[in-house]
Structures are given as structure tokens and as C-alpha cells.
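The values are calculated or read from the model by the stated rules, or taken from the named source; none is laboratory data. All values derive from a computational prediction rather than experimental measurement. Neighbour counts run over all protein chains shown; Cβ positions are idealised from the backbone, glycine included.
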Amino acid sequence: MRIDPWLAALCASRTLLTLVFMTYAASLPVLRGTWGMSATAAGSISTGFQLGYAVSLVLFSALADRIGPRRVYLASGWLSAATAVVWALGARSYLSALILYTLVALSVGGTYTTAIMLIADRYPSDRRGSAVGWLIASASLGYALSLLISGVALAWGGYPLAFLATAVGPLLGVLIAAVALRWTPDVVHPRTEGLRFGTEVIRNGPAMRLILGYTFHSWEVLGMWAWTPAFLAASLAASGAASLRAVELGAYVSSSFHVVGLVASSSMGGLSDRLGHRLLLIVLAGSSAACSFVFGWLLGWPIAVLFVVGAVYGFTALGDSPVLSAALTEAVRAPYRGAALALRSFLGFGAGAIAPLLFGAVLDATNAPGGTPGVWGWAFVTLGAGGLAAVVCAYGLPRSAGGALGAGSSRA
């Protein structure tokens, strides 16, 4: 599927709105020393962000079913622009960062599932996977740019400049959305008498498998995103790079993994339109789990090895996201898409909130107090457990030709 101007504008908006997502992860090696944080405390800021994002996704998604996704997308975008500036100017300690980064997350969640709902209303099921893939790819581009801009800003002006440089993104993103969505219908699907959330979602077997699969997928990918820049910085430092230079290079290499994720999202969604969801989900989740079990043990290995393994990791960990998202819009009737996406997001990002915290706790438990951790493998193993669970969820899906319930299902 070719990306049309409407979808291109929506994707550009989403890219800019996500520009603040990886700033903290890129700055983490510097912030741990500057703010005197343990690995557990450092992970708790990522946890606060993910929990805030989970709550935000639930509230905004449910609201979109009632008043329409376009209105919710724009309202969330304006809130994101305001809170990003407050975060950039006010986060100067562990406590202030925890509060303000969580506030950013509480604001921005309305620009994710609502965008999927807008796409579901605009494109038929045989083109939806590709369109959702482009949307998720645009977020990957935002994460990559976030790391790239942060890496440059850290070298020039430290973490305050990194925070400020990326905070400009949400403002530009919502301005683009305001223009692009001006004439887009705000569709509210009426709920048929007799249909209930429990029947349409909770007792919908394929839908719940997709929701649980997304939960375990989020555990792995969000934990990996939160800690990979710090791991790469530690690995480069172990290879002899100067501390600040290692942090900068770690951000750049992590950025390249998100670019690989962009390729995965834009290609795997379209491939699932042709081959079906189940097989791709099994292959991608199984491959990413294998990478989780290996990646953390490569501390100090040549950067070329880290790049190759990390690129495969980034591709497979994110590649199933558009497949899971498109499949869920096909598995649930239109009036309940927002509610289903809300439940999926709450469970997924709730799991993604716990994963960085547990990762940090395992890192503390397997390394001597103080200094840069030298053992990362066991922490990454905790992420791989999520990938294996996602394989189990995908294995139980119907063996249909194209979609969770078959291409062109009446339930979509």
C-alpha cells in the first residue's frame, strides 16, 4: 500500500509527538550520576512514564468511543505540547523528573489508539495492516530522532538541552494534526442494543489472545527500549570509550535500532495483510525472545556484533506491533474498538511499566553496589520471558488466511 497524503500527515504528527519518548533513556547514564540514582530508582522513572501512558490510553480510548477519535487526538496533542515544555524546564532531580515525565505520559496517550481508530474508519481490512504499520513506523522514527537529537544535545549542553530540544516536537506535531485532520469525519459508531463489552471483548477468544499477546510484547519491547541505551553505553565504556563519548555513541546506536524497527513496522503490517497474522506473530515473537536471551551477555563485545544483534532485536521486537493492532480492529466490532484498545493498552503499557523496574532490580541484584554494572544478561532474560509468552498467545489464534477472524470478517 502506498502512503497517501492524509496518512503521511498523520504519521508526521505522530513522529513529532513521540520525540520526547526516548530522551530520558538516552540521558540515563548521565542522570544516574548527576541525580545519584540506583538502577532501581532510574527504572522507576520509566515505570512512572509507562504507567501514566497506560492510564492515559485507557481514558482517551474509552472517551474516543463516545465523542470521536479526531477530537480526542487533537485534545491530547495540545496537552502533550504543554506538558513537554514543563518537563523540559522543570525536571532537575529524581522526584521532579518522576512527576513531570509521568505528567507528559498522562497527556500523550490520546494520540496513539485514536490514530489507529481513525485508520480503521478510513481503510478496509485488506489495507489496514499496512496503514497501521506506517503509523507505528512513524513512532519508531520519532524514537530514533529522540535518541539522535538527545545524543547531540547531551554532547553540546547536557541533559537540560536534550530535554528542551525534544520538547519542541509535540508542539509541531499537534499543529500538523490540526491541519491534516481538519476535514476528517469524527465517526462515533452507535452501539447495538444487546451488545456488551464482556461479550464483544472479554469473551471474544481471538481478541483476548491478541490483547494478552500485546501485553507480553509490550513487556519485552518497552523494557528493551528503556535500558538498551544504558547497556550500550556500558558496553562501549567496557571496550575503552570515554564515559561521555560512550553515552553519546550509545544513544546513536540505539537510534539505529529504532530505524530498523521503522522498517519492521512498515513492512510487517503489509505482509500480514497477505499472509495472515498468526504465522508472523509466532516467528517475530519467538525471534525477539531469542535476542533477549542473548543480547545482555554481549557486554564489551565489538560494536559491529552489538549492532547486528541489536538490529535483529529491534526488528523482531517491534515487527509484531502493527500485526497485533490491525488484527484487534478486525476481531472486535467497530463500536467497541476504542474499549478493546483501551484494555489492550492498559494491560500492555502496565506490563511495560513494570518491566523496566524489574530490569533495574535484577541489575542491582546481580551487580556489586556502585559503579557501572558489569552483568546485564539476567536482566535481559526477564524481557525474553515476555517474548515466549507472546508466542504462546499467537499459537492459539485461528489458522485463518488473513486476519484474526479471516480477511473481510463481518465483525470488523
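Quick notes
- Being outside any helix (DSSP H, G or I) and either touching a residue at least 60 places away in the same chain (Cβ under 8 Å) or on the phi < 0 side of the Ramachandran plot (or both) is a property that residue 19 has.
- Filter pass, residue 254 being of a type in the set (Ser, Thr, Tyr), part of a helix (DSSP H, G or I) and crowded, with 23+ Cβ neighbours inside 10 Å: yes
- Sole exception among (1) surrounded by fewer than 20 Cβ atoms within 10 Å (Cβ to Cβ); (2) modelled with pLDDT under 95; (3) not hydrophobic (A, V, I, L, M, F, W, C) for residue 65, by number: (1)
- The selection criterion, being assigned to a helix (DSSP H, G or I) and farther than 16 Å from residue 218 by Cβ, does not hold for residue 355.
- Condition check for residue 26: in a helix (DSSP H, G or I), of a type in the set (A, V, I, L, M) and crowded, with 24+ Cβ neighbours inside 10 Å: yes
- Scope the range 154-170; condition of a type in the set (Gly, Ala, Ser) and either buried (at least 23 other Cβ atoms within 10 Å of the Cβ) or within 20 Å of the chain's Cα centre (by Cα) (or both); matching residues: 162, 167, 169
- When residue 389 is tested against (1) more than 30 Å from residue 61 (Cα to Cα); (2) assigned to a helix (DSSP H, G or I), exactly one condition is not met: (1).
- Cβ-Cβ distances below 7 Å connect the following pairs, each with a first residue in the range 236-248 that is assigned to a helix (DSSP H, G or I), a second residue that is modelled with pLDDT under 80 and of a type in the set (A, V, I, L, M, F, W, C), and a separation of six or more residues or different chains: 236/246; 236/249; 237/246.
- Residue within the range 287-310 that is surrounded by fewer than 24 Cβ atoms within 10 Å (Cβ to Cβ), of a type in the set (Ser, Thr, Tyr), touching a residue at least 24 places away in the same chain (Cβ under 8 Å) and out of contact with any strand residue (DSSP E or B) (no Cβ under 6 Å at 6 or more places or on another chain) present: yes
- If you go through the range 79-99 and keep only what is buried (at least 22 other Cβ atoms within 10 Å of the Cβ) and more than 18 Å from residue 173 (Cβ to Cβ), you end up with 91, 97.
- Options 294, 323: the member that is in contact with a helix residue (DSSP H, G or I) (Cβ under 7 Å, 6 or more places away or on another chain), modelled with pLDDT of 95 or more and part of a helix (DSSP H, G or I): 294
- Condition check for residue 118: surrounded by fewer than 24 Cβ atoms within 10 Å (Cβ to Cβ) and at pLDDT 90 or above: no
- Residue among 92, 70, 66 that alone is in a helix (DSSP H, G or I) and more than 15 Å from residue 118 (Cβ to Cβ): 66
- Evaluated against (1) assigned to a helix (DSSP H, G or I); (2) modelled with pLDDT of 90 or more; (3) polar (S, T, N, Q); (4) over 17 Å from the mean Cα position of the chain (by Cα), residue 329 falls short on exactly one condition, (2).
- Residue check, residue 342 of a type outside the set (Val, Ile, Thr) and at pLDDT below 85: yes
Residues are listed down the side, and each one gets a yes or a no for (1) more than 29 Å from residue 6 (Cα to Cα); (2) among the basic types (Lys, Arg); (3) in contact with a Gly (Cβ under 9 Å, 6 or more places away or on another chain):
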| position | (1), (2), (3) |
| --- | --- |
| 154 | yes, no, no |
| 173 | no, no, yes |
| 184 | no, no, no |
| 203 | yes, yes, no |
| 208 | yes, no, no |
| 214 | no, no, yes |
| 219 | yes, no, yes |
| 222 | no, no, yes |
| 230 | yes, no, yes |
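- Beta carbons closer than 7 Å, at least 6 apart along the sequence or on distinct chains, pair a first residue in the range 366-377 that is closer than 13 Å to residue 296 by Cα with a second that is of a type outside the set (A, V, I, L, M, F, W, C) for 373/367; 374/367; 375/366; 375/367; 376/296; 377/296.
- Residues of the range 311-351 that are charged (D, E, K, R) and surrounded by fewer than 24 Cβ atoms within 10 Å (Cβ to Cβ): 333 alone.
- Set 246, 233, 238: member being surrounded by 24 or more Cβ atoms within 10 Å (Cβ to Cβ) and of a type in the set (A, V, I, L, M): 233
- Lone qualifier among 137, 162, 178, 167 - being more than 27 Å from residue 221 (Cα to Cα), touching a residue at least 12 places away in the same chain (Cβ under 8 Å) and part of a helix (DSSP H, G or I): 178
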